[in-house]
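Trainee: Can you keep this structure in mind? I'll have questions shortly.
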Amino acid sequence: MNVEIITIGDELLIGQVVDTNSAWMANVLNDSGFKVTRKITVGDVEEDMLKAIDDAFQNVSIVLLTGGLGPTKDDLTLKVLCQYFDSELHFSEDVLKNIEEIILQRGFIINELTRNQAMVPDKATVIQNKMGTAPCTWFEKDGKTLISMPGVPYEMKWLMTHEIIPRLREKFNRDLFIKHATIMVSGLTESELALRLTDFENDLPDFVRLAYLPQYGIIRLRLSAYVDSEKQANEAISRLKTLLMAIVRDYVIYDDDRKIEIIVGEELRKRSLTVGTAESCTGGAIASLITSVPGSSDYFTGSVVSYSNSVKINVLDVSKSDLETYGAVSKPVVEQMARGALRVLGCDYAIATTGIAGPGGGTDTKPVGTVWIAIANGTKVVSKEYRFTKEREQNITRTANAALMMLMKQLSS
């Protein structure tokens with residue numbers, strides 16, 4: 001039941017493209033009872049690809065491979081797989097028909113290179129790719145299975161969801177049950193959290209692991225049970241999650257593994273409330289997070305990106321005198337921004353941010369990373385100063401997360 005994932009492409013190795021495929025695949029496989037033991041990336045080099053496959057089969061019986069199936073000369077995966085499995089390419093009318101349908105839907109005319117993608121290995125089971133022109137191929141050899149999929153994420157995801165996972169479940173008898181539970185906490189460092197949980201971790205059964213998964217401003221605590229009994233996995237995780245919640249209760253944001261913007265949206269919808277943002281240092285990042293959730297128009301009214309002082313004054317009605325006296329990064333200004341957003345955007349709650357994202361602009365009293373966040377509703381305004389890092393992107397992300405967590409706290413109070 002162990003699986004290795006191989007991603008192919010020079011673009012992945014040089015950082016031009018970020019490998020999101022293996023992370024998504026590992027998550028889906030894990031949820032389906034398959035344990036991913038290793039993920040590796042190799043470039044468009046035949047020898048490296050062959051060695052990666054050979055090494056993988058020394059450790060596992062299932063290898064999932066993505067990338068290198070396009071129509072251009074640097075797409076070598078099919079050639080390598082034919083060599084490894086002693087196979088030859090032959091023309092498939094069924095694959096060509098699928099390619100023609102997809103090309104027609106996209107408004108293009110099929111060319112010779114695209115037509116060549118109908119050449120498939122004769123020793124593979126071909127699985128039609130309904131999202132793209134490169135088919136998926138399934139190889140069997142000496143009790144081992146290799147599945148080759150396109151590297152285009154939405155094509156791979158469709159194939160995994162509709163074809164690969166169902167076939168893997170049918171072929172392999174799952175003898176391992178995997179159960180997870182996640183708690184999101186904030187307000188403690190990773191080391192502080194670990195000290196609090198020393199006794200808890202020492203008492204965990206051998207088949208349960210606790211993982212610390214930090215991100216900007218949030219730490220996800222994930223309990224994982226790996227055992228051959230579904231009942232035992234469920235009972236152990238349920239009991240241990242209750243104990244864990246009791247230890248970190250004062251720092252819990254949510255007892256599930258979902259993005260903070262999804263959680264906030266659910267809470268707003270549940271209460272029939274709306275939110276808007278007035279953003280300076282975050283430049284619309286909070287609005288972007290909120291609106292990344294489908295259906296967010298139910299509770300998000302809009303945003304004012306008040307980067308300049310003139311917008312703060314003329315749109316959000318921030319006092320010019322307070323800006324001159326206290327500066328843009330201050331408690332009076334951020335609170336006025338929040339009140340102004342309530343008025344301009346007609347929302348029930350408003351989030352306001354102002355700060356020094358960096359890398360320049362800091363002073364001795366207000367260094368880079370200084371941020372003020374305010375949450376306002378019709379009756380009160382709550383504000384807080386934060387000191388983050390010297391890295392601009394981190395500061396923006398941390399501010400956006402902190403703002404949503406502040407809103408969550410106000411909604412729950």
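Trainee: Mind counting the residues in the stretch 8-35 that are within 18 Å of the chain's Cα centre (by Cα), buried (at least 20 other Cβ atoms within 10 Å of the Cβ) and not in a helix (DSSP H, G or I)?
Mentor: 1
Trainee: Considering every residue within the stretch 316-325, establish whether at least one is free of Cβ contacts under 8 Å to residues at least 60 places away in the same chain, surrounded by fewer than 16 Cβ atoms within 10 Å (Cβ to Cβ) and part of a loop (DSSP other than H, G, I, E, B).
Mentor: The answer is yes; a qualifying residue exists.
Trainee: Quick one: which residue in 164, 178 is touching a residue at least 24 places away in the same chain (Cβ under 8 Å), among the aliphatic types (A, V, I, L, M) and assigned to a helix (DSSP H, G or I)?
Mentor: On inspection, the qualifying residue turns out to be 164.
Trainee: Please state which one of 384, 366, 390 is in a loop (DSSP other than H, G, I, E, B), surrounded by fewer than 16 Cβ atoms within 10 Å (Cβ to Cβ) and either under 30 Å from the mean Cα position of the chain (by Cα) or modelled with pLDDT of 95 or more (or both).
Mentor: Every option except 390 fails the conditions.
Trainee: With open to solvent by less than 60 Å² (accessible area, probe 1.4 Å), polar (S, T, N, Q) and more than 21 Å from the chain's Cα centre (by Cα) as the only criterion, which of 274, 282, 242 stands out?
Mentor: None of the other options fit; the residue is 274.
Trainee: Still on this structure, please answer the following. Pairs please, first residue from the stretch 29-41 and among the aromatic types (Phe, Trp, Tyr), second anywhere and outside any strand (DSSP E or B) and open to solvent by 40 Å² or more (accessible area, probe 1.4 Å), Cβ atoms under 7 Å, 6+ apart in sequence or on different chains.
Mentor: Short answer, once both residue conditions are applied: 34/1.
Trainee: Going by the structure shown, is residue 65 assigned to a helix (DSSP H, G or I) and either open to solvent by less than 80 Å² (accessible area, probe 1.4 Å) or over 16 Å from residue 12 (Cα atoms) (or both)?
Mentor: Here the answer is no, as residue 65 does not meet what is asked.
Trainee: Just give me the residues in the stretch 90-119 being of a type in the set (A, V, I, L, M, F, W, C) and open to solvent by less than 70 Å² (accessible area, probe 1.4 Å), in sequence order.
Mentor: Correct list: 95, 96, 99, 102, 103, 110, 118, 119.
Trainee: Also: Of the residues that make up the stretch 252-264, is at least one in contact with a Ser or Thr (Cβ under 7 Å, 6 or more places away or on another chain), surrounded by 20 or more Cβ atoms within 10 Å (Cβ to Cβ) and β-branched (Val, Ile, Thr)?
Mentor: Yes, the stretch 252-264 contains a residue that is in contact with a Ser or Thr (Cβ under 7 Å, 6 or more places away or on another chain), surrounded by 20 or more Cβ atoms within 10 Å (Cβ to Cβ) and β-branched (Val, Ile, Thr).
Trainee: Same structure, new question: Return the pairs, sorted by first residue and then second, in which the second residue is among the charged types (D, E, K, R), the first residue lies in the stretch 96-117 and is assigned to a helix (DSSP H, G or I), the beta carbons are less than 7 Å apart, and the residues are 6+ apart or on different chains.
Mentor: 96/115
Trainee: Now a separate question. Answer yes if at least one residue in the stretch 271-280 is in a loop (DSSP other than H, G, I, E, B), within 21 Å of residue 374 (Cα to Cα) and among the hydrophobic types (A, V, I, L, M, F, W, C), and no otherwise.
Mentor: yes
Trainee: Here's something else I'd like to know. So if I check each of 73, 79, which one is open to solvent by 80 Å² or more (accessible area, probe 1.4 Å), closer than 26 Å to residue 40 by Cβ and part of a loop (DSSP other than H, G, I, E, B)?
Mentor: Unique residue meeting the criteria: 73.
Trainee: When you scan the stretch 211-229, do you find a residue that is part of a loop (DSSP other than H, G, I, E, B), in contact (Cβ under 8 Å) with a residue 24 or more places away in the chain and under 24 Å from residue 405 (Cβ atoms), even just one?
Mentor: yes
Trainee: Which of the following residues is over 28 Å from residue 31 (Cβ atoms), assigned to a helix (DSSP H, G or I) and in contact (Cβ under 8 Å) with a residue 40 or more places away in the chain: 334, 264, 304, 311?
Mentor: From the options 334, 264, 304, 311, the qualifying one is 334.
The values are calculated or read from the model by the stated rules, or taken from the named source; none is laboratory data. Model, not experiment: these values are computed from the prediction. Because the Cβ atoms are built from the backbone with ideal geometry, glycine has one as well, and the counts that use them run over all protein chains shown. Remember, those area values only see protein heavy atoms, side chains included, never the ligands or the DNA or RNA. Shrake-Rupley method; radii C 1.70, N 1.55, O 1.52, S 1.80 Å.
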